[in-house]
Every structure is written in C-alpha cells, then in structure tokens.
2 protein chains.
Amino acid sequence: MPISPLAPARFPDLPDIAGLRLATAAAGVRYKGRDDVMLAALDAGSVVAGVFTRSATRSAPVLDCQAKLGDGTGPAAFLVNSGNSNAFTGKAGDASVARICDATAQVLGIAADRVFTASTGVIGEPLPDDRITAKLDELAAKLAPGAFEAAARAIMTTDTFPKAAGAVVDIDGTPVKIAGFAKGSGMIAPDMATMLVYIFTDAQIGQGDLQVLLQTLTDQTFNCITVDSDTSTSDTLLCAATGASGVDVTESAGFTKALHDVMLDLAHQVVRDGEGATKFVEIHVSGAMTNDDARKVAMAIANSPLVKTAIAGEDPNWGRIVMAVGKSGARADRDLLTIRFGDILVAEQGWVAESYTEQAGADYMTRQDLQIGVDLGIGGGMATAWTCDLTHQYITINADYRS
Amino acid sequence: MPISPLAPARFPDLPDIAGLRLATAAAGVRYKGRDDVMLAALDAGSVVAGVFTRSATRSAPVLDCQAKLGDGTGPAAFLVNSGNSNAFTGKAGDASVARICDATAQVLGIAADRVFTASTGVIGEPLPDDRITAKLDELAAKLAPGAFEAAARAIMTTDTFPKAAGAVVDIDGTPVKIAGFAKGSGMIAPDMATMLVYIFTDAQIGQGDLQVLLQTLTDQTFNCITVDSDTSTSDTLLCAATGASGVDVTESAGFTKALHDVMLDLAHQVVRDGEGATKFVEIHVSGAMTNDDARKVAMAIANSPLVKTAIAGEDPNWGRIVMAVGKSGARADRDLLTIRFGDILVAEQGWVAESYTEQAGADYMTRQDLQIGVDLGIGGGMATAWTCDLTHQYITINADYRS
C-alpha cells in the first residue's frame, strides 16, 4: 500500500520520558516479516488514565482495561499486538487476555492488574496468545527509552505511516515532556478515542485529575474526527504520567494546552492516513442553536458519502453540503445558512452568493487541505470536525477478501 | 451508464387507473434528447395524500406541496421535472414553483392549489421554469391513460431503469386498481419517502384516511431502505385516489395489503438501482429490547461502509456486522448475539458458531440477493431494512465533476 499523500514529511522528534521504556518484537500473530507486538514498561509512581470505545460489542482487552483503571501507582505495562483484535471471541478471548497479562506480569515482576493490553486487527478470530507470550522474555530484554518509531510501527494495521506527536512545555522553569503515538486508518468514527493511542508524560498528576483531563480533551480531539463513520470495537487511548519530572501539573493551563495539541496532532494524523484519503478536510460550524447541534451538522457533513466523493472529485458541489445540513437533525433555516470554502463566500440567504463563481470554487477544491465553513445564523453553538475524502482506494482496501 | 445487474427483467404491466391521464415532454431543463417533464392529470373527485422529506433544507416544491395537502376533491395535477431539484434556490425557487403551478392550472382549467410539483436533480442552481411552462400546451394535448413507462422514465436522474409496480385487488367482487412509479438511485436514506414516488388508485377513500394509511405504510417500506445514508432535500411520495371504481376501501385489509406490496416493490427497486449496486441485501433484526432498537441495528448495518464494501468483495466478514451492532446505540450483549447468512448460523454465544465454515460463508456471499439475520437475544423488538453494496461504481458516479 503506498504511503498516504497526506502523510507528514517525517517521523517527529519526541522527547524521552523518564520512567518509560519501550520494546517491539515480531510474534507472527498475523503479519509476516514485521514487528507486531509492542511493550511499554512504566516505573513505579506512574498513574494510568484511559478512554475507550463505547461500542456495545467492545473487545476483550477493552473490557479488561476498563476494569483495571484506578488509583494504582505501582509499576505498569502496556502490551499491544496488531493483526488480530481479539474482539467477539467470547470467553476464549477473555482467557487470552488473562494469560497475556499474567505472563507479562511475571516476566516484569509487576502485578497483573497493572498490565493493560490492546489488540487491533481482524474481528472474530481466536487470538494466538501463545505466540505473544513466547516473545515476552525477548521484549523484556530489549526494553529501552526512546524507541518510539518502532513502537508506533508495531501497532499499525492498514496504516500507511506511523503516527506520533510530542511536546516539551516549560512549567515554572522545569521542562515537562509529552510523547504519544497512535494507529488508525479505517473503521474510524471514535466514540471515545481513536483506535489505539498511547501518550506518556513525566508530569506529576493524580489519576483522577488525569482521567478527567483526558476525557475533556478527547471530546475536543479524537471524538471530532471520522474517516468512514464506522466505530471500532477496540478504540483505546491510554495516558501514563510517570511523575519523574517532579512537576505537579494539576492546575497547569500550559500542560493542558500541550496535551491537547499532542492529541489533536495525533487525531489529525489518523485522518491524514484515512483509508484511500487524498484530501484533509476541516469542517467548522458556527451559529447553531447549541454546540450539540453544531456537532451534529459537522459530523453529518463529515460522514456524508456524497460530500466526500464530491471532494475526491474536486467538485465544489456545495448543494451536497446543504443536503447534509438538512439531514443532520439540527435546527436550521434555509434562508439564514451561510457556506464558505476557506475565505470564499459560497452561499448565503438561502442561495448561491452573488459574488461566487464556479471557477473560484473549483480552483479551491484542487487544494490538499480544505476548510468548509457553515454558519447556521440562528445561535451561538460551534463545533469543528475533521475528515478525509472517499475514494476508489477506500473501496479497493475494504472490498478485498480478508487476506 | 449500464443498467443495474439487479434490475427487473422488464417493466411491469400496470392497470389503467380511471380518472388518471399522463403525458411527458422534452423540456431540456438539463438533459438533452430525452423527456424530462411528466404531467399527471386527475379528474374531479380525486383526493391526494403525501409524505415528504423531513430535511431542514427541503426544496421549494416540497414546501409548496406540504402547504397544499388537504381536503380538496377538485381536479388535480402532478407536474414533475428531472435535471434540477429547485432546492436551496431561495426566494427565486419559490417564485419558480408559483409560476409553474399558475401556468399548469391555467392550461388545465383547474385551481392552482391543486397543482403539486416536484423537481429532482442538481441542488442550488436556478430552475429554468420557462422551459417547463413552454411545454404545458404540448403536455396537455398529449394526456392519455396508461403511459406509465414514459412517465417513469421522464423523472429519472442517475437511475438506470424505470421503476413501477401495480396491483389489482378484488374487493367484494369489484376490482380495485393500483399503479405507481418511482425514481431514486443515490442520496437515498428516506426520512419519509424515497426521492419521488407517484401512486394512483381508483379506490374511494377519504383524504385523511389515505394520509394516515400512507404514513403507516411508508414507515414499513420506503423508510426502511438506504443506499448511502444521505437524505434527499426532495423526497416526495404522492398518492392519488380517483374514486372511479366506486369501491370504498377505508376499512379494507385487502387494499392495505395491496398498497403495502406496491410500495415495498417500488422501495426495493430503488435499492436495486442503488448507485453502483451489485448486491441486494435484506437485513432482519430480531430479539431487540424494542422495535426502535431493532431499527437502529438494522440501519447501522445497512449504512456501514465497511459492511457494504465487504459484501461488494463477497467477503463473509461477519466481524464488521458485530462492529455495526456495537456502534448502533441499541442495547446489545456480546454473548447473546446470533448472526446468520440466510439459513447459515454464523455466530452465537459471543463467537463464531462451531458449525460455521468460512467456505460456507464465502459460497453464500456469491449470491446476488443476500439475507443477513441478527438476533440480539434480549427482547421481542424486530425490524427489517434493505440496502445494496458499496462499490467502485458508486465512487465513479459521485466523484465525477457535475456534468
């Protein structure tokens, strides 16, 4: 699969996080000739927060992680495999998770309830957990700081590039570091977090405070993206704070902003690697009756196959945006609606704007990064969503028999 | 555009409806070399009922029709054009509708508030209503019984075949006739009726009773189909009862069943002409907590791009069905879920069924008409939805610059 044309130029430089070590290995869960297991080891003192898919058919690892989140500060581990999601695998799936957690705990000398696993890949096939546990000694021996790119690559499935983002924020003269990576390309309509995201920081913060912060920022970042309106059974976002910097960030606006930016960067990279994507689209909705109505409109546009295929064809077909506003369920008034492509006024007062020319719209649509602005003109509600176009390549990727 | 592989073998024989005459003409609204305007004239004594899109950005003709429905029994007319939807055309669009209604009323010698128009095609462009009104004399002169196929063809846009269905039902020894036709192929997720549907009967029934019957049957037919989850700004279903048979059908179960079957047949034909469709898919959901929950699950499966691309690829990827159940918002329990392909038991008790083989699933998926059964195992709620697959051809049709 060729690398997405929307991919960043290179993998970013990430700061090392004191208290964190990473390792990867090739367990052969499904893919051959590449690493497919990632282990993150966290020193004692770390707190772990997480948000997960709200799918009613969520996977065995998600259910296990949700049960384990809490006040613990002992040493912890994240163990992730790609190639098989261990979703809809019944009681056997639960048993696989337990075996992996027990074995990881034993190899690292930590408590099993501090091992958080995730699995991503095909749904409904038994997870060959013995292949994963057979690699634990190798993984433990390899653990080292800074191996972010290998870790980000090991959790990829249909992704065409590894996704990572980091920040160093100065808090009262001490640098506090954040480093995260993610995977996700299809089945992306996060209903908590995108498929798999791991964020680490050396900040000091209580687990409860980190959990609240993570949920708030998820609603502004990962929950505002969509590739194909399909929500994964495996969405997992874990954030670990090792506390090694000694800097308390509980009330720090600077830390909140830096963590937000890292999460938004990762969320955007997931869209930029949307299956078959050739355009990155920001949809900004204002003037709605409520923020919730604005979000409905933004997501209706972002998920509309007819809007997304028009964008793929570089067709400034703003009539389809009107259609999506209409079907969203949000309150709207035809004659108060305003539509913009970037700075170009397209439609107002219930019809195409007098100043608009089809040529101006067509020229705008040739860009790789697009902004669609919709003002409903009836209130103060606002929301932003990000999506990609819908192309032949999406069909090719997903209409192939599983292989 | 080639004719859909799911098209019926031929246009059906429809009964003539006493009190109804039809005509078509080539007005050149957008398409060249084909009829694009359809006129239906109804004798005095006819009642008209209708259901329409609930889109907040519905078209000018829809708003006009909704205002006109009522107790009238004077002679009436339906005037429909293809090629331009007169949607999001502001006050100018309203004026176009008024001019068309006034001119039609004058030519036919009927009241303007008994003229019901519809327009289907591109959104946001001014409707050249003068081209339509210029053809009214020709249309009036051509009016004749039984010209159903020409009428069904004149209202087509991206449709690859004309859609029609009829019935003759014996009520106390007298035959009562029903004949209907429809158009629709893309932007199909009806939220009242599919794009355009016209049904005629010589039954005798009050307007209020016909309206209630039509709404009830729409919820069981047109509102249970989807091609691409995008709801039109123009959805219009009109049903006229001329009363010419002299048979009162107000309490007739036989008439209700016949009308239901005609509507379901037309709804299925819209799906069978879904843009790019190669498979017709029935999704039956049972065992839900409520009928509403069952409908949510059926529509989540029917609208999932990942389910629909898997079907296009003849991949029995039932994991994606589990995913769609999970994201639907309906109450579900992984371990009580049962999935079937036709009579083949695929998954139960939270995992793939012991008796299931991948080969049996793959063989089943090669069929043109597919049935997916989902039982949630927690209640008595049921629903059925119909959809088609999502193929390269859908992208080709919709990613082309408007032409």
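The values are calculated or read from the model by the stated rules, or taken from the named source; none is laboratory data. What you see is a predicted model, and the numbers here were worked out from it, not measured in a lab. So basically every Cβ, Gly included, is an ideal-geometry build from the backbone, and we count neighbours across all protein chains shown.
In region A:330-347, which residue that is closer than 18 Å to residue B:87 by Cβ and small (Gly, Ala, Ser) is nearest to the other protein chains (Cβ to nearest Cβ)?
Applying the first criterion (closer than 18 Å to residue B:87 by Cβ) to region A:330-347 yields A:330, A:332-339, A:346-347.
Those still in the list that are small (Gly, Ala, Ser) too: A:330, A:332, A:347.
Values: A:330: 7, A:332: 4, A:347: 7 Å.
In this case the residue turns out to be A:332.
Can you report the number of residues in region A:281-291 which are crowded, with 24+ Cβ neighbours inside 10 Å and within 12 Å of chain B (Cβ to nearest Cβ)? I'd like the intermediate steps shown before the answer.
At the first step, the residues of region A:281-291 found to be crowded, with 24+ Cβ neighbours inside 10 Å are A:283, A:285, A:288.
Then drop every residue that is not within 12 Å of chain B (Cβ to nearest Cβ), which leaves A:288.
Residues flagged as crowded, with 24+ Cβ neighbours inside 10 Å and within 12 Å of chain B (Cβ to nearest Cβ) within region A:281-291 amount to 1.
Among the residues of region B:358-373, are any within 14 Å of another protein chain (Cβ to nearest Cβ), within 15 Å of residue B:315 (Cα to Cα) and modelled with pLDDT under 95?
Yes; the residues of region B:358-373 include at least one that is within 14 Å of another protein chain (Cβ to nearest Cβ), within 15 Å of residue B:315 (Cα to Cα) and modelled with pLDDT under 95.
Only one residue in B:80, B:97 is free of Cβ contacts under 8 Å to residues at least 60 places away in the same chain, surrounded by 23 or more Cβ atoms within 10 Å (Cβ to Cβ) and either in contact with a strand residue (DSSP E or B) (Cβ under 8 Å, 6 or more places away or on another chain) or acidic (Asp, Glu) (or both), so which one is that? Full working, then the answer.
Numbers: B:80 fails: free of Cβ contacts under 8 Å to residues at least 60 places away in the same chain.
Within the list B:80, B:97, the selection yields B:97.
Based on what the data block shows, is residue A:245 within 14 Å of chain B (Cβ to nearest Cβ) and not in a helix (DSSP H, G or I)? Taking the combined requirement at face value, the residue does not satisfy it.
Pick out, from region A:290-363, the helices (runs of 4 or more DSSP H) lying fully within it that include 1 or more residues that are farther than 30 Å from residue B:390 by Cβ. Working first, answer last.
Values: elements: A:291-303, A:305-312, A:318-327.
Counting at least 1 such residues, we get A:291-303.
Among residues of region B:309-320 that are touching a residue at least 40 places away in the same chain (Cβ under 8 Å), those with a Cβ under 8 angstrom from a residue that is of a type in the set (D, E, K, R), sequence gap 6+ or separate chain, pair up as B:309/B:389; B:311/B:279; B:311/B:389; B:312/B:279; B:312/B:389; B:315/A:400; B:315/A:402; B:316/B:358.
Identify, please: which residue in region A:251-280 is within 14 Å of another protein chain (Cβ to nearest Cβ) and in contact with a Phe, Trp or Tyr (Cβ under 9 Å, 6 or more places away or on another chain) and is, among those, nearest to residue A:206 (Cα to Cα)?
Taking region A:251-280 and keeping what is within 14 Å of another protein chain (Cβ to nearest Cβ), we get A:274-279.
Still in the running and in contact with a Phe, Trp or Tyr (Cβ under 9 Å, 6 or more places away or on another chain): A:274-277.
Details: A:274: 35, A:275: 37, A:276: 41, A:277: 39 Å.
Per the stated criteria, the residue is A:274.
Among the criteria (1) within 14 Å of another protein chain (Cβ to nearest Cβ); (2) within 12 Å of the chain's Cα centre (by Cα); (3) of a type outside the set (S, T, N, Q), the one residue A:222 does not fulfil is (1).
Of the set (1) more than 7 Å from every other protein chain (Cβ to nearest Cβ); (2) at pLDDT 90 or above, all apply to residue A:305 but (1). Scan region B:1-25 for residues that are under 24 Å from residue B:87 (Cα atoms) and part of a loop (DSSP other than H, G, I, E, B) and the total you get is 0.
Being within 18 Å of residue B:37 (Cα to Cα) and among the hydrophobic types (A, V, I, L, M, F, W, C): is that true of residue B:92 here? Against the criterion (within 18 Å of residue B:37 (Cα to Cα) and among the hydrophobic types (A, V, I, L, M, F, W, C)), residue B:92 does not qualify.
Counting only strands (runs of 3 or more DSSP E) wholly contained in region A:26-119, the ones carrying 1 or more residues that are of a type in the set (Phe, Trp, Tyr), out of contact with any Gly (no Cβ under 7 Å at 6 or more places or on another chain) and more than 14 Å from chain B (Cβ to nearest Cβ) occupy A:76-84. Which condition number in (1) part of a strand (DSSP E or B); (2) surrounded by 20 or more Cβ atoms within 10 Å (Cβ to Cβ) is the one that residue B:259 fails? Single failed check for residue B:259: (1).
Exactly one residue out of A:102, A:71 is charged (D, E, K, R), at pLDDT 95 or above and touching a helix residue (DSSP H, G or I) at 6+ places or on another chain (Cβ under 9 Å), and it is A:102. Within 30 Å of residue A:251 (Cα to Cα) and either in contact with a helix residue (DSSP H, G or I) (Cβ under 7 Å, 6 or more places away or on another chain) or of a type in the set (Phe, Trp, Tyr) (or both) - does that describe any residue in region A:128-145? Checked against the condition, which is being within 30 Å of residue A:251 (Cα to Cα) and either in contact with a helix residue (DSSP H, G or I) (Cβ under 7 Å, 6 or more places away or on another chain) or of a type in the set (Phe, Trp, Tyr) (or both), region A:128-145 yields no hits at all.
Look through A:298, A:324, A:312, A:294 and report the one residue that is within 20 Å of residue A:229 (Cβ to Cβ), touching a helix residue (DSSP H, G or I) at 6+ places or on another chain (Cβ under 8 Å) and more than 11 Å from chain B (Cβ to nearest Cβ).
Only one candidate passes the filter, namely A:298.
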